[in-house]
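The values are calculated or read from the model by the stated rules, or taken from the named source; none is laboratory data. Here the structure is a predicted model, which is why all the values come from computation and not from measurement. Counting neighbours? That spans all protein chains shown, and the Cβs are built from the backbone with ideal geometry, glycine included. The area values use the complete protein model at the heavy-atom level, side chains included, leaving out ligands, DNA and RNA. Shrake-Rupley method; radii C 1.70, N 1.55, O 1.52, S 1.80 Å.
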Amino acid sequence: MIHTTVKLVNKEEIEELLLEMVKTAHDQLRGQAMLLNVKEEIDLFVATEGHDTFEDVIQKNFMLNEDDEIIEEEQYRLLLNDLQVAFEEMYKTTGLFDYFPAGEYMVKGEKRYQPNEMVATKGMYSAPFEDCLVVLH
């Protein structure tokens, strides 16, 4: 699932960790009426801030200096950008969230346009608009 410009020595480990983060987000959001803008609210950098395991797993792919900091900073930035794309894709494809691509939707007999990709916990919304919350019985 992850496609990167950086050759990874532990691709499966990184995929598992990202998937675990998506599942954790799902568990935290389950039952909450919340639409998330894919490009603005699904942020790998925020999700991994202070996440020691993530940092350790990523560092396995790089040479470190004497202070255990990654030497190839540009490669590191490229990898994080690639992982951001993979993280967003996981939200859209795991089946834990409903994915609403940008585009036109028919809502209550009227055409509406959503300019952004959105996700919501599975079954909470019928379309990517606040007034399309599915009433749970």
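Summary table below
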{"read-out": "Residue pairs meeting the criteria (Cβ under 8 Å; at least 6 apart or on separate chains; first at negative phi, in region 68-81; second among the hydroxyl-bearing types (S, T, Y) and surrounded by fewer than 14 Cβ atoms within 10 Å (Cβ to Cβ))", "value": "L78/T5; L79/T5"}
{"read-out": "Close pairs (7 angstrom Cβ cut-off, 6 or more residues apart or separate chains): in contact (Cβ under 8 Å) with a residue 60 or more places away in the chain in region 104-119, of a type in the set (G, A, S) and not in a strand (DSSP E or B) anywhere", "value": "N116/A102; E117/A102"}
{"read-out": "Condition broken by K7, with the remaining ones in (1) surrounded by fewer than 11 Cβ atoms within 10 Å (Cβ to Cβ); (2) in a helix (DSSP H, G or I) satisfied", "value": "(2)"}
{"read-out": "Count of residues meeting criterion [assigned to a strand (DSSP E or B) and hydrophobic (A, V, I, L, M, F, W, C)] in region 69-102", "value": "3"}
{"read-out": "Region 108-137: number of residues that are open to solvent by 20 Å² or more (accessible area, probe 1.4 Å), assigned to a loop (DSSP other than H, G, I, E, B) and not polar (S, T, N, Q)", "value": "11"}
{"read-out": "Evaluation of Y105 against (1) under 23 Å from L19 (Cα atoms); (2) open to solvent by less than 60 Å² (accessible area, probe 1.4 Å); (3) outside any helix (DSSP H, G or I) (one fails), failing number", "value": "(1)"}
{"read-out": "Matching entry among E16, E74, E104 (being over 23 Å from M1 (Cβ atoms), at pLDDT 95 or above and out of contact with any Gly (no Cβ under 8 Å at 6 or more places or on another chain))", "value": "E104"}
{"read-out": "Residue match in region 81-89 (condition: more than 17 Å from the chain's Cα centre (by Cα), surrounded by fewer than 17 Cβ atoms within 10 Å (Cβ to Cβ) and closer than 26 Å to K23 by Cβ)", "value": "no"}
{"read-out": "Members of region 21-39 found to be open to solvent by 60 Å² or more (accessible area, probe 1.4 Å), farther than 15 Å from G95 by Cα and either hydrophobic (A, V, I, L, M, F, W, C) or touching a residue at least 60 places away in the same chain (Cβ under 8 Å) (or both), listed by number", "value": "Q32, M34, K39"}
{"read-out": "Failed condition for L18, given (1) within 10 Å of the chain's Cα centre (by Cα); (2) surrounded by fewer than 13 Cβ atoms within 10 Å (Cβ to Cβ)", "value": "(2)"}
{"read-out": "Positions within region 40-70 being within 26 Å of N116 (Cβ to Cβ) and surrounded by 12 or more Cβ atoms within 10 Å (Cβ to Cβ), in sequence order", "value": "E41, I42, D43, L44, A47, T48"}
